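Asks: Take this structure, written in structure tokens, and hold onto it; I'll ask about it next.
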Amino acid sequence: MVKIADATPISKDLEIRMMDTVCVNESQLEHKWYHNLKYLAVGLLFGIIFVKSEVISWYRIQEMFRLQSFHMYGIIGSAVVVGAISVWLIKRFNIKTIYGEQVMFHPKTFNKGQIFGGLIFGLGWAVTGACPGPLFAQIGTGASVILITLLSAIAGTWVYGYLRERLPH
Amino acid sequence: MEFIFVAGIFLGGIIATQFLANIQPVQINPVLAAELSGYGITEITELVPAQLFSWSNLFTAKGLIMIVLGGFLVGFGTRYAGGCTSGHAIMGLSTLQLPSLIATCCFMIGGFLMANFILPLILSL
């Protein structure tokens with residue numbers, strides 16, 4: 001889920017983000033800085049779970065792609081089930097955000113990027129043993145060189161933005 | 001907000017490692033351990049193998065491919081696919097979206113190709 005902090009160039013920004021995410025937060029509420037602490041708290045919990053569940057383990061990713069362990073399939077599978085139940089509850093009981101706003105779900109449309117980009121991401125996932133979120137936790141565990149992997153991943157997103165018009169979609 | 005969230009993930013990684021560390025050594029499948037020892041990766045003590053991902057390896061061919069190119073593929077692929085494991089595999093599948101199922105299948109195909117066919121060549125460098 002993506003939250004938009006600044007309201008200024010919103011239309012263009014939102015237009016691009018709509019292509020990328022399952023959920024887009026169209027909220028334009030302004031809050032004091034300490035309202036951001038809740039994101040820090042969720043991030044903190046997420047980071048601890050990443051480490052303790054070994055989701056960020058390079059070895060666990062290797063086992064997954066070699067079918068040598070159920071570990072990652074169990075974690076991703078249970079996350080999908082919890083996600084599905086959560087979405088159902090939000091829709092069924094029309095649960096609002098903590099600021100009382102509607103939670104919107106936007107359907108994704110197919111484009112070839114999901115195939116080509118998916119394959120490229122898969123190649124990177126198996127070599128680094130991490131997807132984007134876990135990179136931050138890996139650095140936190142003391143693997144400081146992963147900072148370079150992270151900067152390179154950010155460069156990758158930038159290069160994608162640069163080449164976007166010329167890539168098949 | 002995203003920045004604060006990922007800062008939290010980073011801090012969570014520190015807290016889990018410093019204060020909630022597992023006293024048991026990392027357990028991995030013996031078949032994987034045997035395969036990795038064939039490439040000289042024997043010190044299986046942390047979640048990220050230091051014999052591969054270290055500053056001293058960064059400017060070797062293996063290090064450049066795994067640390068720099070690997071990261072680039074993750075970032076580029078995530079943007080191109082319009083999401084990653086959380087966006088497509090977890091949230092996309094839990095909202096029953098066909099594009100996310102296609103993307104997740106492609107993540108797995110890419111990962112299987114890398115782990116089983118390309119990574120052995122990289123680790124042999």
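Asks: Give me a comma-separated list of calculated 3J(HN,Hα) values for segment B:82-98, in order, Karplus coefficients 6.51, -1.76, 1.60 applied at θ = phi - 60°, integers in Hz, x for any Gly or Pro.
Replies: Each residue of segment B:82-98 in turn: x, x, 10, 4, 6, x, 8, 5, 8, 6, x, 5, 6, 9, 6, 9, 4 Hz.
Asks: Continuing with the same structure: Using every pair of alpha-carbon atoms in segment B:52-125, split the distances into 5 Å bins beginning at 0 and state the percent of pairs per bin, rounded to integers.
Replies: 3, 16, 21, 19, 15, 12, 8, 4, 1
Asks: What is the log10 of I(q)/I(0) for the protein assembly as shown, computed with the Debye formula using one identical point scatterer on each Cα and no solvent, at q = 0.07, 0.10, 0.12, 0.14 Å⁻¹?
Replies: -0.26, -0.54, -0.78, -1.07
Asks: Would you please name the GluC sites (Glu not before Pro) within segment B:26-116 that are DSSP coil residues with at most 13 other C-beta atoms within 10 Å of their C-beta?
Replies: Here the sparse-neighbourhood loop sites are B:Glu43.
Asks: With a 1.4 Å probe and all protein chains in place, put A:Phe110, B:Phe10 in order of accessible area, largest first.
Replies: Most to least solvent-accessible, the answer reads A:Phe110, B:Phe10.
Asks: Could you tell me how far the Cα centroid of segment A:29-49 sits from the Cα centroid of segment A:58-72, in Å?
Replies: Cα centres, segment A:58-72 to segment A:29-49: 31 Å.
Asks: Follow-up question, since we're still on this one. What's the buried accessible area, both sides, between B and A using a 1.4 Å probe, rounded to 100 Å²?
Replies: 7700
Asks: Output wanted: per-residue J couplings in Hz (rounded whole) for segment B:44-58, from phi through Karplus 6.51 cos²θ - 1.76 cosθ + 1.60, θ = phi - 60°, x for Gly and Pro.
Replies: Going residue by residue, I get 9, 10, 10, 6, 10, x, 5, 6, 9, 9, 9, 4, 6, 8, 4 Hz, with x marking Gly and Pro.
Asks: Can you tell me the FRET efficiency between A:Asn94 and B:Ile23 if r is taken as the Cβ-Cβ distance and R0 is 41 Å, rounded to the nearest 0.05?
Replies: It comes to 0.30.
Asks: Equivalent ellipsoid semi-axes for chain B, as square roots of 5 times the alpha carbon gyration tensor eigenvalues: give them largest first, rounded to whole Å.
Replies: Semi-axes, largest first: 27, 22, 16 Å.
Asks: Could you put A:Lys91, A:Lys52, A:Lys108 in order of accessible surface area, largest first, with the 1.4 Å probe and the full protein assembly present?
Replies: Sorted descending by solvent-accessible area, the residues read A:Lys91, A:Lys52, A:Lys108.
Asks: Compute, for the protein assembly as shown, the length of the dipole vector about the Cα centre, with Cβ point charges of +1 (Lys, Arg) and -1 (Asp, Glu) only. Units Debye, rounded to 20.
Replies: For this selection, approximately 420 debye.
Asks: Which order do you get for B:Leu119, B:Leu93 if you rank them by accessible area with a 1.4 Å probe, largest at the top?
Replies: B:Leu93, B:Leu119
Asks: Let me ask you something else. Express the carbon and sulfur contribution to the solvent-accessible surface of the protein assembly as shown as a percent, rounded to the nearest whole number, probe 1.4 angstrom.
Replies: Whole-percent figure for carbon plus sulfur exposure: 70.
Asks: How much net charge surrounds B:Glu35 when only other residues with a Cβ under 14 Å from its Cβ are counted (Lys, Arg +1; Asp, Glu -1)?
Replies: For residues surrounding B:Glu35, the net value is 0.
Asks: Towards the positive end of the charge dipole of segment A:19-169, with charges on Cβ (+1 Lys, Arg; -1 Asp, Glu), say which of A:Ala143, A:Val82, A:Gln114 has the farthest Cα.
Replies: Among A:Ala143, A:Val82, A:Gln114, the one farthest towards the positive end of the dipole of segment A:19-169 is A:Val82.
The values are calculated or read from the model by the stated rules, or taken from the named source; none is laboratory data. The structure presented is a predicted model; accordingly, all values stated were derived computationally and were not measured. All Cβ positions, glycine included, derive from the backbone under ideal geometry; neighbour counts span all protein chains shown. Surface accessibility is based on the protein's heavy atoms, side chains included, excluding ligands, DNA and RNA. Shrake-Rupley method; radii C 1.70, N 1.55, O 1.52, S 1.80 Å.
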